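What follows is calculated from the coordinates using simple rules that are stated; it is not laboratory data. Not measured: the values here are computed from a predicted model. All Cβ positions, even for glycine, are placed from backbone atoms using ideal geometry, and neighbour counts span all protein chains on display.
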DNA sequence: TAGAAAAGTTGAGACTGTCTCGATATCTTT
DNA sequence: AAAGATATCGAGACAGTCTCAACTTTTCTA
């Protein structure tokens, strides 16, 4: 579905493409090791290019992170679509939510970037986010039709829950994130409609 | 309950105390305006002291933020205790949760600091957090006894939910945070115990 | 394939911010 | 009022972000 090779915008000169990829590779390594707060200058240094070159490819830290995330997001959306075939609609939804949370947790520190990307049209990630949201929407719609979740649950609710739970897990401990996700999902269920 | 005057550790020299207070005041203003990412150097500048003086009072950004938050936290704990008198235990809990979320939202960007402070014994805020957690625990316990929330709901769950919802509200829109909180609280309810 | 045009790279440098520390100034105490 | 304890000062060592004009490499085209 995806070559694994990062996707620069258009045709690039050969040397430019080489640098682009080296930078992205270094960034991925730095990210895996330190989260989102690595030094951009350091990335350039380790990739063996001048920092001006770095900025030529990625105007801001955000641009870089977005390039890093795009592929993952698309995969997640695909997983969502597969789960539409799950026996229980609610279970499909819950399974997907857990997978999404793991995804977000791996990219620790990026929850904020993700949340903002959905709303920001200028974000590179916007398209990918929309796809994820669409996948979520389908899962939610199916569960709703089956009467397994409340009628007022929306895809953005799901998206927010997943990201918030991932965030909570990052701040305290991963199990806390999972608990939160579980409670939230239960809050989505039809049986939870506490009339007051 | 609280003089409103920030609380330096011990007896300080008069000039030192004056500087301490000016710094804290500037920090509060900067915080209100830009969230947690203001420049420490700038605070010193605006307070009219050398930056070395700043660092003499607050070793790290965190120290400063903690000083800024302590009082608010204590207030929140007190509110929790008052709400123990609410007619409906669940409503008392929910009301407090909403208040706590507002509190956290005002101090936008500090959710992370709060979450970590609970677990970090070296934090100035640790005591205040414990107090908040204790207040939450009492509210949860009361609701649990009344059979209004699941038996496995804990104060840390509540704490995590509130902070995560506040975070979500910061990232997208405040209403999204409130929705998340509502779903989470419903997930806490006894009726939501989806056996599977 | 040479030369021109396009595309990309370079690294110095202008800023800003974090943090340290010895010299200096200011309180407090006796 | 002098000594001693406390603070403040501000220069300076670093690191990071970002820009830009000069320069180099690639690609295009005749």
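Just to check, using Stokes-Einstein with a Kirkwood Rh over alpha carbon pairs, what's the diffusion coefficient of segment B:14-59 at 20 °C and 1.002 mPa s in µm²/s?
207
Using alpha carbons only, how many angstrom separate the centre of segment B:35-58 from the centre of segment A:61-100?
Centre-to-centre (Cα) distance: 43 Å.
Take the alpha-carbon positions of chain B, form their convex hull, and give its projected area averaged over all directions (one quarter of the hull surface) in nm².
12.3
Sorting A:104, B:63 on the 10 Å Cβ count, fewest up front, what's the list?
Ascending Cβ contact count within 10 Å gives the list B:63, A:104.
Once the Cα atoms of helix B:155-171 and of chain B are each reduced to a long axis, what angle between those two axes, in degrees from 0 to 90 to the nearest 10, is obtained?
70
Can you tell me the orientation of helix B:89-106 relative to chain B, as the angle in degrees between its alpha-carbon axis and the longest Cα principal axis, to the nearest 10?
That works out to roughly 30 degrees.
So what's the angle, to the nearest 10 degrees on a 0 to 90 scale, between helix A:14-34 and the longest Cα principal axis of chain A?
Between helix and principal axis, roughly 50 degrees.
As a footprinting exposure proxy, order B:60, B:105 by other Cβ within 10 Å, with the fewest listed first.
Ordered from fewest to most neighbouring Cβ atoms within 10 Å, B:60, B:105 come out as B:60, B:105.
What percent does the relative contact order of segment B:14-59 come to when contacts are Cα pairs within less than 8 Å and at least six residues apart?
RCO, segment B:14-59: 36 percent.
May I ask you to report, in nm to one decimal and beginning with the shortest, the distances from residue A:33 to the same position in the other copies, taking label points 7 Å along Cα-to-Cβ?
3.9
Residues of B:176-183, mean number of Cβ from any other protein chain within 10 Å of their own Cβ, rounded to a whole number?
So the per-residue partner count for this stretch is 6.
Classify the protein assembly as shown as rounded, prolate or oblate, taking a ≥ b ≥ c as the square roots of the eigenvalues of its Cα gyration tensor: rounded when a/c is under 1.5, otherwise prolate if a/b is larger than b/c and oblate if not.
Oblate, because a/c is 1.5 or more while a/b does not exceed b/c.
Among A:17-26, A:37-46, how do they line up by average Cβ neighbours within 10 Å per residue, starting with the highest?
The densest-packed peptide leads the list: A:17-26, A:37-46.
Using only Cα positions of segment B:45-157, each an equal point scatterer, no hydration layer, compute I(q)/I(0) via Debye at q = 0.09, 0.16, 0.23 Å⁻¹ and quote the log10 values to two decimals.
The Debye formula, applied to the Cα set alone, gives -0.30, -0.75, -1.24.
Could you list A:185, A:133, B:64 so that the one with the fewest beta carbons within 10 Å of its beta carbon is first and the one with the most is last?
A:133, B:64, A:185
Any chance you could run the full-extension gain for residue A:126 through residue A:60? It's 0.36 nm times the residue separation minus the Cα-Cα distance, nm to one decimal.
Computed gain between residue A:126 and residue A:60 is 22.1 nm.
Note the distances from residue A:11 to each other copy's matching label point, with points 7 Å along the Cα-to-beta-carbon direction, in nm, sorted shortest first.
8.1
Please work out the FRET efficiency for the pair residue B:25 and residue B:45, using the Cβ-Cβ distance as r and a Förster radius of 22 Å; give the result to the nearest 0.05.
Using R0 = 22 Å, I get an efficiency of 0.95.
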